1. Based on this model, can you work out whether residue 95 counts as among the charged types (D, E, K, R), within 17 Å of residue 70 (Cβ to Cβ), assigned to a helix (DSSP H, G or I) and over 13 Å from the mean Cα position of the chain (by Cα)?
2. Taking region 104-148, which residues are surrounded by fewer than 15 Cβ atoms within 10 Å (Cβ to Cβ), assigned to a helix (DSSP H, G or I) and in contact with a helix residue (DSSP H, G or I) (Cβ under 9 Å, 6 or more places away or on another chain)?
3. Quick check on region 4-22. Is at least one of its residues in a strand (DSSP E or B), on the phi < 0 side of the Ramachandran plot and among the basic types (Lys, Arg)?
4. Before we move on, is residue 157 surrounded by 13 or more Cβ atoms within 10 Å (Cβ to Cβ), closer than 15 Å to residue 41 by Cβ and hydrophobic (A, V, I, L, M, F, W, C)?
Amino acid sequence: MTGPRRLSQAISEGDGISLIVKVSDADEARRAEASGAEALLAEDLAVDGIRKATGLPIVGFAGSAGDACIVSAGDDDVELREGIELIVRVEREEELAEALERFDPELFVLAAPNGDDDLEHVLDLLSDLPAGKLAIADLWHVTQPEIDELERAGVDAVLVRELP
């Protein structure tokens with residue numbers, strides 16, 4: 001595949017909720033892909049090796065070499081290279097409104113403040129997300145029953161630090 005790999009396409013097509021798995025090297029990327037991951041979350045230093053090991057979209061943070069980039073709603077200096085998808089991370093309802101006004105992104109990471117694993121908070125944010133936007137839940141220690149609940153609620157993908 002040439003050019004950027006589209007995260008939005010990977011998580012919106014097919015049945016069920018998609019997993020975006022955090023990986024640190026090419027071996028972990030291959031294992032995640034074999035286990036059904038639809039995309040990978042990677043640190044910038046590992047992107048080149050991971051890109052050679054898999055065809056999955058790579059998600060990174062501001063300034064990374066991934067196919068999609070996570071930024072905070074309040075970031076002032078958001079600049080993306082051409083073809084990089086923008087993902088805005090929100091923890092509060094006010095941030096969601098600000099992100100919609102400033103960026104109008106297609107992709108959102110919904111998370112609880114302070115890295116808490118608060119499923120209900122993420123579901124509350126989901127209810128405020130306009131139709132047509134793609135939701136990615138971020139719960140640090142997500143369990144399979146929580147993934148199932150997120151799927152029933154209409155979340156498109158979940159960030160996981162290790163496969164459940």
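The values are calculated or read from the model by the stated rules, or taken from the named source; none is laboratory data. Everything quoted here is computed from the prediction, not taken from an experiment. Note: ideal-geometry Cβ built from the backbone for every residue, glycine included; neighbour counts use all protein chains shown. Each accessible area value is taken on the protein alone, full model and side chains, heavy atoms only, with ligands, DNA and RNA left out. Shrake-Rupley method; radii C 1.70, N 1.55, O 1.52, S 1.80 Å.
1. yes
2. 113, 124, 127, 128
3. Taking every residue of region 4-22 in turn, at least one turns out to be in a strand (DSSP E or B), on the phi < 0 side of the Ramachandran plot and among the basic types (Lys, Arg).
4. For residue 157, the condition - surrounded by 13 or more Cβ atoms within 10 Å (Cβ to Cβ), closer than 15 Å to residue 41 by Cβ and hydrophobic (A, V, I, L, M, F, W, C) - is met.
Yes/no per residue for (1) modelled with pLDDT of 90 or more; (2) out of contact with any helix residue (DSSP H, G or I) (no Cβ under 7 Å at 6 or more places or on another chain); (3) within 15 Å of residue 109 (Cα to Cα); (4) open to solvent by 60 Å² or more (accessible area, probe 1.4 Å):
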position: 30; (1), (2), (3), (4): yes, no, no, yes
position: 42; (1), (2), (3), (4): yes, no, no, no
position: 45; (1), (2), (3), (4): no, yes, no, yes
position: 80; (1), (2), (3), (4): no, yes, no, yes
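Yes/no per residue for (1) over 22 Å from residue 98 (Cα atoms); (2) assigned to a helix (DSSP H, G or I):
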position: 46; (1), (2): yes, yes
position: 51; (1), (2): yes, yes
position: 55; (1), (2): yes, no
position: 60; (1), (2): no, no
position: 64; (1), (2): yes, no
position: 71; (1), (2): no, no
position: 76; (1), (2): no, no
position: 79; (1), (2): no, no
position: 82; (1), (2): yes, no
